[in-house]
1. Quick one: which of LYS209, LYS161, LYS137, LYS127 is within 28 Å of GLY297 (Cβ to Cβ) and over 25 Å from the mean Cα position of the chain (by Cα)?
2. For MET338, which of the numbered conditions (1) touching a Phe, Trp or Tyr at 6+ places or on another chain (Cβ under 9 Å); (2) part of a loop (DSSP other than H, G, I, E, B); (3) among the aliphatic types (A, V, I, L, M) fails to hold?
3. If you check ILE73, ILE107, ILE78, which single one turns out to be among the aliphatic types (A, V, I, L, M) and more than 21 Å from ASN325 (Cβ to Cβ)?
4. Where residues in the stretch 45-55 are surrounded by 24 or more Cβ atoms within 10 Å (Cβ to Cβ) and not basic (Lys, Arg), which of them is nearest to CYS110 (Cα to Cα)?
5. Is it true that LYS377 is of a type in the set (D, E, K, R), buried (at least 20 other Cβ atoms within 10 Å of the Cβ) and in a helix (DSSP H, G or I)?
6. Answer with yes or no whether VAL374 is touching a residue at least 24 places away in the same chain (Cβ under 8 Å), outside the structural domain of GLU243 (by TED's automatic domain parsing), within 23 Å of ARG252 (Cα to Cα) and of a type in the set (A, V, I, L, M).
7. In the stretch 158-188, which residue that is surrounded by 19 or more Cβ atoms within 10 Å (Cβ to Cβ) and without any contact (Cβ under 8 Å) to a residue 40 or more places away in the chain is farthest from TYR104 (Cα to Cα)?
8. Just one of (1) in contact (Cβ under 8 Å) with a residue 40 or more places away in the chain; (2) surrounded by fewer than 15 Cβ atoms within 10 Å (Cβ to Cβ); (3) under 29 Å from the mean Cα position of the chain (by Cα); (4) within 22 Å of PRO356 (Cβ to Cβ) trips up THR413, so point out which.
Amino acid sequence: MSIFQPYDIRGRYPKEINEDIVKDIAQRFVEMIERREKNKDIIISRDNRLSSPELAKAARDAITEFGYNVIDIGMVPISLFYFSMRKFRAPGIMITASHNPPDYNGIKPCWSDTMAFSQAEIQELSKKPKPRKVEQKGVVREEDVLQDYINYLRDRFSFTKSLKVVFDTGNGSVGPTLKAVMDSFGHDYKILFEEPDGSYPNHMPDPTKPENMKRLREVVLEGGADMGVGFDGDGDRSVFVDEKGNVILGDRILIIFAKQMLKESPGEKIIYDIRSTMALEGEIKKCGGIPIVSKAGRIFLREKLNKENGILAGETTSHFFFRENGGYDEGIFAALKMMEIIGTAGKLSELDSQIPRYFSSPDMRLRCKNKDEVVEKVKEYFEKNPKVKKIITIDGVKIIFENGWALVRRSNTEEMINIRAEAKTKGALDEIEDLIMKQVEKVMVK
């Protein structure tokens, strides 16, 4: 499988991604940047994976060889990476593999407006750079932006009362920054697995997996905390736990954010991904907002947020994008936003209980060699089905019935199809799943 994936660059170190490959990518990045940007500075940051220091060095050396300067902000969460790009108005590269296992690493390339590279731009990075001679190499300067970031957050958040919060940073890169931020606000807090350790000895840095949230849930209950928050390796995702120790799914958290924000800004647009619960559209409309559906994937949500000038976007995988914060996904900001909300609106479990709860299937991932054909044939069949109210085709095919929906999507990176369904009753869910699977199995080649 290619390391040049739809949303970023990622692979196993050193077999699939290594210093030589990073050097080529970094110099190709310079070639692309100079066609569009005037700034001769490029931000470099990294997560805490064991291979990240050497890969970051390779990127630094490659960029300066091509005559560009490097602003090195060191080992930081993605919060500081995005913040630095806004502060210095410079494009950037972050060496990170986010929530992947320890032997992976990768690159997140961004333009100076903090927009991630598109799928086509990622593919362009796979081309070999052209050799060049420069009169003067670029220089490297190190910058510490932590205090500026803390000041930025303190200007934006105010809390009506002190909260008790437990965080799990999973030995990723978030811990030290989060500690400094929380110390500045004076809340009663605890950070589990705070120390960055690229071997991830306690659990993988993926809070969307239930097994990785087990200890956080226990500590929230044991300590009587108001809430818990789990972060992934580089901190672009935040998964929330209520005071009863329950993990709340990303689409429901988006509803909680949206309802509170629409109280202050009615009529605003809320962007959500196509996999989200059907409760979301109704709850947003009820609060005077305008729900807008997006293709799944953080890049697509960010693009839709910008295009529609939405106030908020979010997806089921717990990426949250706030217009007031530059429109990018960073978990520390989302955590503070939720703390601000529960400080005034009440317990997180109570806010969640106000949202309709339906029956849903777990994501089904099926091996499939003819994934495009499956999606097309399913669409053709249900276009003729009188039980279908609506079909959405922005990302696979979403079939909407009177009492529920089903989604059949092709994987962007594997020979797989993804199937998900939701309904108002268990009986309706079973019926929808049966209808969908019969059509999929008719066409699917394993």
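1. Numbers: LYS209 fails: over 25 Å from the mean Cα position of the chain (by Cα); LYS161 fails: within 28 Å of GLY297 (Cβ to Cβ); LYS137 fails: within 28 Å of GLY297 (Cβ to Cβ).
Matching residue, one of LYS209, LYS161, LYS137, LYS127: LYS127.
2. Result: MET338 fails condition (2) only.
3. Of the residues listed, the single one that is among the aliphatic types (A, V, I, L, M) and more than 21 Å from ASN325 (Cβ to Cβ) is ILE107.
4. Looking at the filtered set, the residue picked out is SER45.
5. Taking the combined requirement at face value, the residue does not satisfy it.
6. no
7. MET182
8. (4)
The values are calculated or read from the model by the stated rules, or taken from the named source; none is laboratory data. All of these numbers come straight from a predicted model, not from anything done at the bench. Positions of Cβ are backbone-derived with ideal geometry, glycine not excepted, and every protein chain shown enters the neighbour counts.
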